[in-house]
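Beneath this line is the structure, given in structure tokens, with notes to follow.
Just so it is clear, none of the values below were taken in a lab; they were calculated from the coordinates. Computed from a predicted model, the values in this text were never measured in an experiment. We place every Cβ from the backbone using ideal geometry, glycine too, and count neighbours over all the protein chains shown.
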Amino acid sequence: MTEVSLDRATGAPLPSGATGADARIRLREQLVSLITHLVLVIFAFIAFGAMMWMVLASFKSASEIIAKPPTFLPEAPTLGSYALILREQAFGRFFINSIVVALPSVLLILFSSSIAGFVFAKFDFPAKEVIFTIILSTLMVPPAVTLLPLFRLVSRLGWADTYQALIIPVCVSAFGIFLLRQFMEGLPSELLDAGRIDGASNWWIYRHIVLPLSVSALSALAIFSFLANWDSYLWPLVIIYEEKMRTLPLGLAYLLGWSSRPRYDLFLTGAVITVVPVVVFYSFFQARFVRGVTLTGLKY
Amino acid sequence: MAATNLRERRWARFLNRYGFILAVLVPILLWFSIFSFGPILYALYASLTNTHSLDPSRARFVGLDNYISLLDDRRFLASMRNVVQFVLTKGVLNILLSLGLALLLERLRRGRNLYLFFIFMPVVISQVAVAMLFLWLYDPRLGLINYLLSLVEIPPQSFIRSTAQAIYSVAIADVWKTYGYAAVIFLAGLLDIPQDYYEAARVDGATRLQTLWRVTLPLLKNPLVLVLVLIVIDGVQHFTMVQVMTGGGPADSTLMPSILVYNYGLGANNYRMGYACAISFLMFAVILVVTVLQLRLFRSLYD
């Protein structure tokens, strides 16, 4: 067998003098690369495999889920858990509740953050930095601090068990204002001045110049605030009592107390229903998600 | 006549200059006053009283009594110990895994995004769903983990049902969900390092380990500080996954300060709003200190 060594980058045969020691180095490189991929596959499997297993489990019968040894693929695929959870636990309603809460919350955050960000980025007025710093400093305050006062306030307003209780207290974001201000300060002021000379109002400039130029920051903020809202648990737990007003995380957590022994078939099916919309969005916009979450990520 | 005209003109000029700003800022600041500043100040005030959560009218000013009683509240001290264990476990595992992962991903010429797609997925899914998944995995009799352990002849563990293992078990579940996030931050940091640095190290005959230790890690200081700070801040406030998986048990071994605020503030037979607010303000103090330290560190790093 004649040894023909290939250049890794071009695939072209290397000059024959380069065999021997070089071949050994290349072999080692390939080995390292193989091990790298192997380890990465394990990482990916631990992340994705566990989730896949959960999805597959949601199509198993209650007895197959707790069978020993455990099965990976469902032996007798069934939609029984889905039927049960939709019938007994109003998960359809929880799903709608989650959407009815998340969509307006995210839209209001996008609107308030962008218009306030615009004002802080492109206007001068007395006490600007003081006001901005005070707003920004609320980011350090843990939600546990405002939890009980907000509970009192929202209860007094008579909003317990309403959608606005889940929307209004989260519809402005100090972080969003900060992010959009940072971004908009990078927009060239000449563009705005051109609009002003033409006699355009500030609202027009916001609507037709600033917003279209801020799409990348807005989409990052949209992803971040949607995930936070979809995930929200503590606040709904405090302010929602009625079953029909539960959001998905809340409905999911209440499954724990539904029966005396753990019903993993329902836990997992409920979890799948909760994560499916997010995972679908994520699959389409992965790059944006990763960029968005890291760009905006104060929390995970 | 002239005076009103002048006033009107001044008003017009004022509106022209500040009208838009006011139209935006007044509602925004109103919102913050009602839903942020107000509640924060009220919580501070409440922490100095014995306010009842449902009936604040009988509140009496008690000074620092709440803060002082915390010092010999066993449950509070347990939550402090737990949160330290949680943050340490999470911090060590999270940084080792995410840094290792980022170093591997950086070496790849292609396929990086495919791996990231899978590894980042747990970051975006809901915490309650992750808690459900791990409740199942950790089940002593029915769970996958004990089954896998039995294959290698390790006796079954009780995980979140045991006071000794529970805090580590919930921390590991949290690491599973979050380390992909830190990995992305580290990967971005690694990709920012100019190749010349590695070239120079190789010319100087540095081994791989030396390069990692002397070149890569020092240049990763900013992402490292960022990830550490996020882990501490996030850990101090942690509520959801632990609350769903263990509710703070068994025997308070996973009790977190946030869970305690919830239990003292709104738990049946408690409703001790003032006391709960005192705990929340101590959490705030910790986060404040960490943030100030971070700003200091970042400043000294940039100098």
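For chain A, give the magnitude of the charge dipole about the Cα centre (Cβ charges: +1 Lys/Arg, -1 Asp/Glu; no others), in debye to the nearest 20.
500
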So for the protein assembly as shown, taking the charge dipole from beta-carbon charges (+1 Lys/Arg, -1 Asp/Glu), which of A:118, B:27, B:267 sits furthest toward the positive end?
B:27
Near residue B:221, which lysines are there with a Cα under 21 Å away, not counting those fewer than 8 places off in the same chain?
A:299, B:90
Simple Cβ-charge dipole of the protein assembly as shown, Lys/Arg +1 and Asp/Glu -1, about Cα centre, in debye nearest 20
620
Pairs of Cα atoms under 8 Å, at least six residues apart: use those to get the relative contact order of the stretch B:247-303, whole percent.
20
Order the peptides B:145-152, A:171-178 from the highest to the lowest mean number of other Cβ atoms within 10 Å of their residues.
A:171-178, B:145-152
With N denoting the number of residues in the stretch B:2-65, provide Rg(C-alpha) divided by 2.2 N^0.38 Å, to two decimal places.
1.97
Taking r as the C-beta separation of residue B:10 and residue A:196 and R0 as 25 Å, the FRET efficiency to the nearest 0.05 is 0.70
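Sum -39500 (n - 2.57) across every DSSP H segment of at least 4 residues in chain A, then divide by the residue count to get the 222 nm mean residue ellipticity, nearest 500.
The per-residue figure over chain A is -20000 deg cm²/dmol.
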Footprinting proxy, A:129, A:64: sorted fewest to most Cβ within 10 Å, the residues are A:129, A:64
Over all directions, how big on average is the projection of the convex hull of the alpha-carbon atoms in the stretch A:31-83, in square nanometres?
4.4
Residues of the stretch B:146-185 with amide N under 20 Å of a point placed 7 Å along Cα→Cβ from residue B:107
B:180, B:183-185
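Express the relative contact order of the stretch B:73-302 as a whole percentage, based on alpha carbon pairs under 8 Å and six or more residues apart in sequence.
On the way: 246 pairs, mean separation 65.0, N = 230.
RCO, the stretch B:73-302: 28 percent.
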Between the stretch A:155-169 and the stretch B:1-51, the alpha-carbon center distance in angstrom
24
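From the gyration tensor of the Cα coordinates in the stretch A:158-300, what semi-axes in whole Å does the equivalent ellipsoid have, largest first, with each one equal to sqrt(5λ)?
Calculated on Cα positions only, the semi-axes equal 40, 19, 11 Å.
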Want the number for residue B:96 to residue B:219: 0.36 nm per residue separation, take away the alpha-carbon distance, what's left?
42.6 nm
By the gyration tensor of its Cα atoms, with a ≥ b ≥ c the square roots of the eigenvalues, what is the shape of the protein assembly as shown: rounded for a/c under 1.5, prolate for a/b over b/c, or oblate?
oblate
Plugging the Cβ-Cβ distance of residue B:207 and residue B:41 into 1/(1 + (r/R0)^6) at R0 = 56 Å yields, to the nearest 0.05, a FRET efficiency of 0.45
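May I ask you to order B:60-66, A:79-85 by the average number of other C-beta atoms within 10 Å around their residues, highest value first?
A:79-85, B:60-66
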Would you list B:105, A:166 from fewest to most Cβ contacts within 10 Å?
B:105, A:166
Please work out, to two decimal places, the log10 of the ratio I(q)/I(0) at q = 0.16, 0.17 Å⁻¹ from a Debye calculation in which every Cα of the stretch B:1-119 carries one identical scatterer.
-0.94, -0.98
Charge dipole of the protein assembly as shown built from unit charges on the beta carbon (Lys, Arg +1; Asp, Glu -1), centred at mean Cα; most positive-end Cα among A:197, B:185, B:144 is A:197
How big is the shadow of the Cα convex hull of the stretch B:73-302, averaged over all directions, in nm²?
15.8
To the nearest 0.05, the calculated FRET efficiency linking residue A:211 and residue A:163 through their beta-carbon distance, R0 being 30 Å, is 0.70
Give the shape of the stretch A:95-143 as rounded, prolate or oblate, defined through the alpha-carbon gyration tensor: a ≥ b ≥ c are the square roots of its eigenvalues, a/c under 1.5 means rounded, and otherwise the shape is prolate if a/b is larger than b/c and oblate if not.
oblate
How many nm separate the modelled label positions at residue B:52 and residue B:85, each set 7 Å beyond the Cα in the direction of the Cβ?
3.6
Counting other chain Cβ atoms within 10 Å of each Cβ in B:31-44 and taking the mean gives 6
Shielding by partners for A:120-133, please: the mean number of other protein chain Cβ atoms within 10 Å of each residue's Cβ.
2
Principal semi-axes in Å for the stretch A:16-57 [√(5λ), Cα gyration tensor, largest first]:
39, 7, 4
Reciprocal mean inverse distance between Cα atoms of chain A - Kirkwood radius, Å:
23.8
For residue A:122, counting only lysines whose alpha-carbon sits under 16 Å away and dropping same-chain residues fewer than eight positions off, the answer is none
Once you have the Cα-Cα distance between residue B:33 and residue B:59, take 0.36 nm times their residue separation minus that, and quote the gain in nm to one decimal.
7.1 nm
